[in-house]
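Let me begin by presenting the structure, written as structure tokens, before commenting on it.
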Amino acid sequence: MDKKKILIVDDEELFTKLVKLNLEKTGDYEVRVENKGLQGLAAAREFQPDLILLDILMPDMEGSEVASRLQDDAQTKDIPVVFLTAVVRKEEVESGCGVIGGRPFIAKPVSVNELVDCIERNMYRL
Amino acid sequence: MKLGYKILINILFIIAMLSLASIFAISYSLEKLQQDRLKTAEVLFAKSLSEKLFREVIEGKVSAITSVLFEEKKLREEKIEYILVFNEKGYLLSHTYLGAMPREVLGLHENFREGVKYRIKKIVSKGFFVYDIAVPVMEGIKEVGTLHVGIKGSYVENLINAAATSSLIVISIVTVIAVFLSLLMSAAIVRPVTRLNSALIKVSRGDLDTNIEVESKDEIGELGASFNKMTADLKSFRDNLFSAKKYTESIISSMVDALIVVDPDGKIRSVNKSACDLLGYREEELAGKEFGLIFAREETATEIAAGVLDQIKDPALLISRDFRITGINGAAVEMLGRKKKDVIGQFCYKVMHGSKDICHPPLDKCPILEGTQENKPCVETHPHFDGKGNRVTVNAAAVPLTDSLGSSMHYLHITRKVSNGDLSRNETLEETGRLAQELKKYARKMAETIEQKLVFDKAGLQKLTELGSVKNLEVQYKTKNGENIPVNFSASVMKDNDNNLVGVVGVARDMRQTRALIASLEKSTSELRDLYTDLQNTHEMLVQAEKMTAVGQLASGVAHEVRNPLGIMLQGVNYLESRLSNSQEDISETLATLKESVRRADKIIDGLLDFSRFTKLELQPEDINSILENSLVLVRNQFKVENIEIIKELKSGLPGVLADKNKLEQVFINVLLNAIQAMPKGGRITIRSYEKKLGDDKNDIGKIVRDNFRIGEQVVIAEFEDTGIGIPEEDIGKIFDPFFTTKGPKSGTGLGLSVSRNILQMHKGLIYAESRYGQGTKITVILKTAGRG
């Protein structure tokens, strides 16, 4: 079975690094990390991930802006995006993985199990 | 008869009497004069003739005697009728008759007694009238015969008549003069009297300028002078009176207040200009009319009554003497489910006892009103029927409103709904009895206000007479064109020295402007109050919003800054866990502790976000009791553990509250957990729910009403009263502030109550705390009702 490609776009380098380690350790995922929005966009086109984990609050470009650009690009518009955020209440995102305003969310801090669960749930959703 | 005539008649009568008397006197004296004359002249003539003839008589020489006799007679033919000579034996010796002698003459002879010198005799018979003068014919002292001379009566009469005529002429002239003089005199006497009289008539007609010229110095003159003085006094008195009257009148007419004077029989006697202007009548239109005419009556009484009705919180009706409903307050409208206009004018029995057929029972069969006597309220339980025919069981009390004379005009009927049969009939009746006591207060007030309207009935006038005066009654005048004008009315009775009622003086002041001013003032006050409340609310909201924005921004920042490291930590721990072999238990435990700490930190951030977030509520009608029960289920075990007794006083049948069930549960749980923590040694918590109309309690005003509620609003209340340690006074204001906690850093976030307050704020509700340090705390939650049904 092919490994699923996951792109993580988050400005927290340490966080992305640890998530990459943890996800790859499961053996199911090939993970690429970008710490800036613009670079994330480029990586998405190039890497063609199966799912993008996208932080909302980033210094160079807001997560929502990145998401709408992904949407506008034919090469990336079909890639599912799960937002990462620190600024939601836990209850608002069902067991660490839920939907706000029609978009899937993961609330930080998130455990590996929760993360995997959320990725799997959103992977094939279109 | 006029005085002049009287005097004249008197004088004329006297003159007539005098004239008659003088005529009699004159005629008598004339006759006397004539006889004297006969005595002197004619008797002398007879004597001289007898002396001349005494020889011839003695000698019997008849022819000689006869010739002498004829000779003498011839000389005095005009007055002598006859001459006769008798001898001493009575034979007629000679006479002067040529023909037959009258019979009367033949029997004339009579001898003279001694000493008698002559005799005069009047002989009157038909066609014969003479004075016969007889003298004796003497020889020495011896009577030798008698001589008679007959003087013609006509001659003597003529003499007398001539004298009488001239006397009469004189008397007549004197009489005429006397009459004339008496006329003058009577006129002189009467003239001043007449003048006095006509002057008096003039004076009696009011012309006091009349003056009499005082001519004489007699009593009439004095009378005139006195009269002149009197009229002068009278005039000056009248002038003073006039000017005083004019002064008073000008005061009255220039009065701004409307003045009305009423007769003892209730008729308007006079009004001033202001009254005419106010009422739109002319003075003559009002004079003599019933005083009641100018008062607006029933409308105002009902209006006043309506005002009083509105002050009664329970459903109340005003019922007229004929048992028709004339007034109804808001609460009654609500209870009966009908509009005012549906109920007013209806027979009370129909509304209160629900006769369904068209035939009304007899009017006096209105039991609640039948039972009322004097000022004693009647209390009973009976059904009412709302507009849809639904039955509402009520406890009712009614009290008659009596006027000062004790006759009842209206009944005040007040009801209180029996709540779902929770209370026994007796208890509620007792309660209603207390209500009835309060009712009496209103009844008195109402009766008084209504009575004020009736002051100027006939009976009212009598009442006023007893009172002496009334002051500052708020009544309404009714103008000619039917407009009602509010006036401030005072009246007092006028009495004479014998304490008899002379009339009533009423003064009224137009209160329209004042009323309008008061109304506009009240309006602006209430506008101002509303504005102030709005401002206060806005201010609070702004402050709150600003706070929230600040806190929100802070919270978001904190969340972002804290959660990212937390995320890293969690991922790190997860990574370390995955690299851990099973034997290293101590490290595994440490990692578990780390994970738990991350979660705790995360929870704080959650609370922070919760607090700052304007989450949308899902409001829908909910039963407060079931929310309370749900909340209790979640914490019940903890209560057991902490040895805390739970007392529930939840009222059933409460109206629904508009609420987000989950949020409200969160609030209640917060409150309950706080209570548990306040009672470390166990205790008791009482949980109550009930409904209430705001404004019943003085505490409501200011504390509650200014926030999201208004006076009179029906609300549902949840109360949590614990027997815990309480809150120090200095802290009570802070307990709803974010991050305030008394429990130490381990027990809580310090956000619970402040989140609760925000949730209540979003519900447009209220949460507040009352506490006595060392005794316990009471948390009250007030919620808006979702409306019934």
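Okay, here's what the table says:
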item: Förster radius 25 Å - calculated FRET efficiency between residue B:773 and residue B:645 (Cβ-Cβ, nearest 0.05); result: 0.70
item: Cleavage-rule hits, trypsin sites (Lys or Arg not before Pro), segment B:114-179, DSSP coil, Cβ neighbours within 10 Å at most 11; result: B:117, B:126
item: Using a Förster distance of 41 Å, the FRET efficiency for residue B:233-residue B:181 (Cβ separation, nearest 0.05); result: 0.60
item: Among the listed pairs B:441/B:778; B:663/B:734; B:661/B:692; B:79/B:142, those beyond 25 Å (Cα-Cα); result: B:441/B:778; B:79/B:142
item: For A:4-16, mean number of other protein chain Cβ atoms within 10 Å; result: 2
item: Rh (Kirkwood; distinct C-alpha pairs) - segment B:206-254, Å; result: 12.4
item: Charged-residue dipole, Cβ positions (Lys, Arg, Asp, Glu), segment B:60-185 about Cα centre, Debye nearest 20; result: 120
item: Whether segment B:26-167 is rounded, prolate or oblate, judged on the alpha carbon gyration tensor where a/c under 1.5 counts as rounded; result: prolate
item: In segment A:7-86, lysine pairs closer than 22 Å at Cα, eight or more apart or cross-chain; result: 4
item: Shape call, chain A: gyration tensor on alpha carbons, a/c limit 1.5; result: rounded
item: Residue among B:211, B:252, B:226 farthest towards the positive dipole end of segment B:206-254, charges placed on Cβ; result: B:252
item: Cut-off 12 Å, label 7 Å out along Cα→Cβ of residue B:249, residues of segment B:491-510 by amide N; result: none
item: Rounded to the nearest 20 debye, dipole of segment B:144-283 from Cβ charges on Lys, Arg, Asp, Glu; result: 220
item: Cα Rg over Rh - segment B:589-696, Kirkwood; result: 1.06
item: Amide N proximity, segment B:219-249 versus residue B:193 label position 7 Å along Cα-to-Cβ, cut-off under 14 Å; result: B:219-221, B:223-224
item: Simple label model, 7 Å out from Cα along Cβ direction - residue B:515 to residue B:466, nm; result: 2.9
item: Which of B:95, B:109 has the fewest Cβ neighbours within 10 Å, and the rest in rising order; result: B:109, B:95
item: Dipole in debye (nearest 20) - segment B:6-130, about Cα centre, beta carbon charges: Lys, Arg +1; Asp, Glu -1; result: 320
item: Spatial separation of Cα centroids for segment B:588-659 and segment A:51-68, in angstrom; result: 34
item: Residue (of B:25, B:131, B:120) at the positive-pole extreme of segment B:3-164, dipole from beta-carbon charges; result: B:25
item: Label-point separation, residue A:38 to residue B:205 (7 Å along Cα→Cβ), nm; result: 12.9
item: Listed residue (A:21, A:64, A:48) projecting farthest to the positive dipole end of segment A:4-123, Cβ model; result: A:21
item: Extension reserve of the residue B:33-residue B:113 stretch, reckoned as 0.36 nm per residue once the Cα distance is removed; result: 26.2 nm
item: Alpha-carbon centroid distance for the pair segment B:491-528 / segment B:102-130, whole angstrom; result: 120
item: Rg/Rh (Cα only; Kirkwood hydrodynamic radius) as it applies to segment B:111-235; result: 1.60
item: Spin-label pair residue B:25/residue B:128, simplified geometry with 7 Å Cα→Cβ offset, distance in nm; result: 3.9
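Values quoted throughout were computed directly from the atomic coordinates according to the rules given, and no laboratory measurement underlies them. It should be emphasised that the depicted structure is a prediction, and the values quoted were computed from it without experimental measurement. When we count neighbours, we look across all protein chains shown, and the Cβ atoms used for this are built from the backbone with ideal geometry, even at glycine.
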